[in-house]
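Participant: One structure, as structure tokens, below. Some questions next.
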Amino acid sequence: MCVVTESVAPSLCSDVPTSRATMQRILHDNWRAFAAKFPQPNFANRAAFLLAHCKTAFLGGHVERCEHGHVEKVHYNSCRHRCCPGCSTAPRKAWLDKQRAKMLDTAAMQVVFTLPSELAKLWRMNKQAIADVLFNSSKDSLLTLLADPQFLGAQPGLLAALHTWSQTLSAHPYVHYIVTFGGLASDGTWKTPKRECLLPRQVLMCMFRGKFLDKVRKLVSSDKLDVPEGWTKTNCMSILNQLGRAPWNVKLLERYAHAEGVTLYLAKYLRGGPIGNSRIVSFSNGEVTFRYLDRKNPLHPQTKEMTLPVYKFLKRWSQHLPPTKMHTVRAYGLYANGNRKRLEHARSQIKQPVSPPSASRLDKSEKREEDTKEQKRCPICNGSILVEGLEFEEAVRPWNVYRARRKRRCERAPPTDQEQPIA
Ligand SMILES: [Zn+2]
Ligand SMILES: [Zn+2]
């Protein structure tokens, strides 16, 4: 007897569900044509492929079957891409648990460093380099100023996340920091700021602007940045010089009694991509309608709808895909990975218990015991459930398709100058 339950994806030859407008449906139907018209980098094509085939037969899966063949469930694999709105819940929760375990039990402040809109084009072409500059210059400014006894004279814990989209999916890169309201001084004691505000905004803004522009100027003059079409090196330097005289958007937001709520907010940006499926209202006749929150009047934000041609929608969406291996969340100061001993010392100073061992450090046997306890049983004969990997045809395995394509490209590629025989 073979019973296929409701939680099972539609069928083994299943494809993307058609019942409602989702990011998966939009990508599945339009990405190929979009990428042919507007060529995209490899990481964007890979992301779109994964999202379009998340939890379908393309990504493989496993079958759960009772030893007497009573129950059969088919589970298709998630794509696990960080921008997938369809499989972001579990990794988001795992990240959140890890951060909660690490966080110091103190008040915290939010600090936001926004990239000037004049540099949005430069960011689109150099996402990794500009993100590095944004993170490094903002982190250096915070740590330098807070180490100054005039302000705090201690090392705080910093957790930073890069956000790049606005509610309407246009480019709006900024780094959002959670900063502990206090830090560990060089004598090993915990120090809190004397004033209500952590730092003077103007001082922080000037230092960040100076450090950022200095780093970008060096990159431009050493030709390490791709310059947008129509820009020259001189023209780029002139824009940077003008920005050096303008005020930048650096905000120190209100103080929170604990950083947990803000961490939850950061986690939303960490996984799931620029837009969740719940915000997509419809997708028909080549147009996508989605909801957004209009904050023109900050006291009365309004939910509105925007309709865009699908190519324009994908153009906006794809600009926020991070390059492979780019870290969009980083930890500095007491929260830095190499600072575990100092973090534990800080915990002891504020009378916080020692951090619990992370899941990865749990004893393997304990884990196995837990797994056995939770092992599912067959509802008919109470027999144990066996899990078998699903074998799909080689042709539908995306990695094989990629490998075959890459091989073909390599075979077709002309030999380089060095490989050419000398005439
Ligand atoms: Zn997914
Ligand atoms: Zn059974």
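Participant: Please work out if residue 89 is at pLDDT 90 or above and among the hydroxyl-bearing types (Ser, Thr, Tyr).
Facilitator: no
Participant: Ok, one more. Does region 98-108 include one or more residues that are more than 30 Å from residue 195 (Cβ to Cβ), surrounded by 18 or more Cβ atoms within 10 Å (Cβ to Cβ) and of a type in the set (Val, Ile, Thr)?
Facilitator: No: zero hits.
Participant: So, residue 114, is that one within 16 Å of the chain's Cα centre (by Cα), more than 16 Å from ligand 2 (Cβ to nearest atom) and within 30 Å of residue 256 (Cβ to Cβ) or not?
Facilitator: It is false that residue 114 is within 16 Å of the chain's Cα centre (by Cα), more than 16 Å from ligand 2 (Cβ to nearest atom) and within 30 Å of residue 256 (Cβ to Cβ).
A quick yes/no check of all residues on (1) at pLDDT 85 or above; (2) hydrophobic (A, V, I, L, M, F, W, C); (3) within 16 Å of ligand 2 (Cβ to nearest atom):
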site	(1), (2), (3)
51	yes, yes, no
70	no, no, yes
76	no, no, no
81	yes, no, no
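Participant: While we're looking at this one, here's another question. Residue check, residue 65 against (1) among the basic types (Lys, Arg); (2) touching a helix residue (DSSP H, G or I) at 6+ places or on another chain (Cβ under 7 Å); (3) within 16 Å of ligand 2 (Cβ to nearest atom), all met but one. Which one?
Facilitator: So residue 65 meets the others, but not (2).
Participant: Let me ask you something else. Pairs under 7 Å by beta carbon, first residue farther than 24 Å from residue 47 by Cα and touching a residue at least 24 places away in the same chain (Cβ under 8 Å) in region 68-82, partner surrounded by 17 or more Cβ atoms within 10 Å (Cβ to Cβ) and among the basic types (Lys, Arg), six or more apart or different chains?
Facilitator: Between residues of region 68-82 that are farther than 24 Å from residue 47 by Cα and touching a residue at least 24 places away in the same chain (Cβ under 8 Å) and residues that are surrounded by 17 or more Cβ atoms within 10 Å (Cβ to Cβ) and among the basic types (Lys, Arg), the close pairs are 71/65; 72/65.
Participant: Right, something else. Evaluate the following for residue 188: is it exposed (fewer than 13 other Cβ atoms within 10 Å of the Cβ), on the phi > 0 side of the Ramachandran plot and assigned by TED's automatic domain parsing to the domain that holds residue 133?
Facilitator: In short, yes.
Participant: Further question on the same structure: Going by what's in this entry, would residue 48 be described as more than 9 Å from ligand 1 (Cβ to nearest atom), surrounded by 20 or more Cβ atoms within 10 Å (Cβ to Cβ) and more than 17 Å from residue 272 (Cβ to Cβ)?
Facilitator: No.
Participant: Could I ask something else about it? Looking only at region 180-235, count every residue that is in a helix (DSSP H, G or I), closer than 22 Å to residue 255 by Cα and among the aromatic types (Phe, Trp, Tyr) and tell me the total.
Facilitator: Result for region 180-235: 1.
The values are calculated or read from the model by the stated rules, or taken from the named source; none is laboratory data. Predicted model, so just to flag it, every value in this text is computed and none were measured. Note that we place each Cβ from the backbone using ideal geometry, even for glycine, and neighbour counts take in every protein chain shown.
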